[in-house]
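The values are calculated or read from the model by the stated rules, or taken from the named source; none is laboratory data. None of the values given here were measured: they were computed from a predicted structure. Ideal geometry is used to build each Cβ from the backbone, glycine not excepted, and the neighbour counts take in all protein chains shown. Just so you know, the surface numbers come from the protein's heavy atoms only, side chains and all, with ligands and any DNA or RNA stripped out. Shrake-Rupley method; radii C 1.70, N 1.55, O 1.52, S 1.80 Å.
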Amino acid sequence: MVKVIHVAEDGTETAAIEVDDFTIEVVYSGIAEMLREAAASSNSAAEPSGELPRAARQRREKILSRIRD
């Protein structure tokens, strides 16, 4: 678990969120996937991603859609 804190210029905490390990892994894998897709646009094809359980895939897609928007 990671806690991300937004601090104002005067040093006061204005907001905080806690991010679990799974979300961090999905965010990083999402960034890696976008980089592979960008590289593949000039090459042949991107590498396929590993298989996840259905619930994990749904959660992953929800997180990735937030990143892309």
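Within region 6-26, no residue that is over 29 Å from LEU64 (Cβ atoms) and free of Cβ contacts under 8 Å to residues at least 40 places away in the same chain sits with its Cβ atom under 7 Å from a residue that is open to solvent by less than 50 Å² (accessible area, probe 1.4 Å) and not in a loop (DSSP other than H, G, I, E, B) at 6+ positions apart or across chains. When region 35-46 is limited to residues that are loosely packed, with under 10 Cβ neighbours inside 10 Å and at pLDDT below 55, the one that is farthest from ARG68 (Cα to Cα) turns out to be SER44. Across region 1-40, the number of residues qualifying as part of a helix (DSSP H, G or I) and farther than 24 Å from GLN58 by Cα comes to 2.
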